[in-house]
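A quick write-up on the structure given underneath.
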Amino acid sequence: MMGNKPHRIGILGATGLVGQRLVQLLEGHPWFHVRAVGASERSAGRAYADATSWRLPSAMPAEIAGLEVRRCRAADFDDCTLVFSGLDSPVAREAEPDFAAAGHAVVSNSSAYRQAVDVPLLIPEVNPEHLGLLTAQRRRTGGGYIVTNPNCSTIGLALAVAPLHEAFGIKRMVVTTLQAISGAGAEGPRALEMLDNVVPFIPGEEDKLEIELAKILGRVGDGCVSFDGLVVSAHCHRVSTVDGHLEAVSVELEGNPSPDDVGRVLETYRGKVGELGLPSSPERPIVLRHEPDRPQPRLDRDTGNGMAVVVGRVRCCRVLGIKFELLSHNTLRGAAGGTLLNAELLAKRGLLVER
Ligand SMILES: NC(=O)c1ccc[n+]([C@@H]2O[C@H](COP(=O)([O-])OP(=O)(O)OC[C@H]3O[C@@H](n4cnc5c(N)ncnc54)[C@H](OP(=O)(O)O)[C@@H]3O)[C@@H](O)[C@H]2O)c1
């Protein structure tokens, strides 16, 4: 908030799946007000309702429906303090630095700058201290900055393993993902590819899981992050669920804790921002289920308004010591909700500078 007034917000890629989720989540938000929406040349100049094939069950918010879609150029968003980016990575790579150079705070879903040395790869509960990178970044840009959230399958995994890393120390880990179709965006795979099928390849996804986790759990110092030394091996699959990425994890922990020890750590975890009262914070970032057949995407993806990671089946692994399943909502916690929580932390820390 600026005094009593909400911050003025723009959404880049507002017509896409992540952009639509942002539009939905920002309706009636206490700190943020959507002033502008942007998309490609195909959509620019049209009313948002005409340019968007709306894919969510709730109605499109009336005050956004009539907004004229803008081009994704910094000069066209002069009236916004913060822009959320739901742009495809190649487009984001070109556009986001221009917005930062023009003084905007850019809170991005794209992978374009996740590995840049002075760009925080942020999960508020896990590594809020990584916002310390912004001092170096702002010196470079002259005022604005980019903050990114991790890949949609990394966020759930990082939230679930961060407390285990803190309590015991992780040596090695193998993760197998079963990822929902919505993770591939509005123009995702065709029905003929997905029905009666599982696709055992998602371009770039295994590398993202393996590399991003080491940055998220790394330590910040001297304007950069020293990556954590944990070793991760990922297998990623696209399956025919609509929303919610399910992941099977086997992990080797220091000291060989029992499944009960691990369950207690997960169940009592509250993360590092629980006391801040951020509007999108789930009450519990990790919800532990004790039934033998949970979590399941259809039943559990909306837990904590889609912002909690649901963990179940914590048990012994004959190879690495501990194994469990986790589920997180890919367009909520894994994308739009994750960036919104990041933006709320920026606001709370006084890092949204009026232009
Ligand atoms: N889906 C997920 O679960 C998920 C999770 C985490 C991160 N992400 C990341 O979030 C980003 C958006 O994903 P998505 O699933 O929402 O994709 P999407 O549905 O394909 O939407 C892409 C958006 O980018 C816009 N766009 C495309 N080309 C453009 C250009 N040249 N200039 C300006 N705007 C352009 C599109 O506008 P038009 O409608 O005008 O074409 C649309 O608004 C991607 O970087 C993705 O990797 C997605």
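The values are calculated or read from the model by the stated rules, or taken from the named source; none is laboratory data. Computed from a predicted model, the values in this text were never measured in an experiment. Glycine also receives a Cβ, built like all others from the backbone with ideal geometry; neighbour counts cover every protein chain displayed.
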**Fill in**
Cβ pairs under 7 Å, 6+ apart or interchain, first in the stretch 249-261 and under 21 Å from G156 (Cβ atoms), second β-branched (V, I, T) and part of a strand (DSSP E or B), ordered by first then second residue, are V249/V175; S250/V174; V251/I170; V251/I322; L253/I170; L253/I322; P259/V314; P259/I322
**Request:** Hey, could you check the stretch 169-192 for residues that are of a type in the set (D, E, K, R) and loosely packed, with under 14 Cβ neighbours inside 10 Å and say which is nearest to the ligand (Cβ to nearest atom)?
**Result:** E187
**Prompt:** Can you pull out the residues in the stretch 19-68 that are of a type in the set (S, T, N, Q) and either free of Cβ contacts under 8 Å to residues at least 60 places away in the same chain or closer than 27 Å to L352 by Cβ (or both)?
**Reply:** Q20, Q24, S40, S43, T52, S58
**Request:** Just give me the residues in the stretch 136-168 being touching an Asp or Glu at 6+ places or on another chain (Cβ under 7 Å) and surrounded by fewer than 20 Cβ atoms within 10 Å (Cβ to Cβ), in sequence order.
**Result:** A136, R140
**Message:** So, in the stretch 305-331, how many residues would count as being within 15 Å of the chain's Cα centre (by Cα) and of a type in the set (G, A, S)?
**Reply:** 3
**Asked** In this structure, does V119 turn out to be assigned to a strand (DSSP E or B) and either touching a strand residue (DSSP E or B) at 6+ places or on another chain (Cβ under 6 Å) or within 10 Å of the ligand (Cβ to nearest atom) (or both)?
**Response** no
**Complete:** When (1) within 30 Å of R264 (Cβ to Cβ); (2) surrounded by fewer than 20 Cβ atoms within 10 Å (Cβ to Cβ); (3) within 14 Å of the ligand (Cβ to nearest atom); (4) not small (G, A, S) are applied to P203, the one that fails is (1)
**the stretch 304-355, residues that are small (G, A, S), assigned to a strand (DSSP E or B) and either on the phi > 0 side of the Ramachandran plot or surrounded by fewer than 24 Cβ atoms within 10 Å (Cβ to Cβ) (or both)** = G312, G321
**Fill in**
Within the stretch 219-243, residues being closer than 22 Å to A112 by Cβ and in contact with a His (Cβ under 8 Å, 6 or more places away or on another chain) number 2
**Prompt:** Do any strands (runs of 3 or more DSSP E) entirely within the stretch 146-242 hold 3 or more residues that are in contact (Cβ under 8 Å) with a residue 40 or more places away in the chain, and if so, which?
**Reply:** 170-179, 231-238
**Message:** Going through P6, P30 one at a time, which residue ends up being over 21 Å from the mean Cα position of the chain (by Cα), under 28 Å from L276 (Cα atoms) and of a type outside the set (K, R)?
**Reply:** P6
**Prompt:** Looking at Y145, Y113, which is the one that is under 30 Å from E325 (Cα atoms), in contact with a helix residue (DSSP H, G or I) (Cβ under 8 Å, 6 or more places away or on another chain) and aromatic (F, W, Y)?
**Reply:** Y113
**One residue from V117, V83, V91 being among the hydrophobic types (A, V, I, L, M, F, W, C), surrounded by fewer than 24 Cβ atoms within 10 Å (Cβ to Cβ) and under 30 Å from R46 (Cβ atoms)** = V91
**Prompt:** Only one residue in V353, V265 is under 24 Å from H165 (Cα atoms) and not basic (K, R), so which one is that?
**Reply:** V265
**Asked** In the stretch 284-298, what count of residues is obtained for those that are under 21 Å from the mean Cα position of the chain (by Cα) and either modelled with pLDDT under 95 or not charged (D, E, K, R) (or both)?
**Response** 7
**Fill in**
Quick count over the stretch 1-16, residues being surrounded by 23 or more Cβ atoms within 10 Å (Cβ to Cβ) and hydrophobic (A, V, I, L, M, F, W, C), is 4
**Request:** Filter the stretch 310-355 down to residues that are under 30 Å from H104 (Cβ atoms) and within 16 Å of the ligand (Cβ to nearest atom), then give me how many there are.
**Result:** 16
**Asked** Within the bounds of the stretch 285-298, is there any residue that is in a strand (DSSP E or B), crowded, with 17+ Cβ neighbours inside 10 Å and within 16 Å of the ligand (Cβ to nearest atom)?
**Response** no
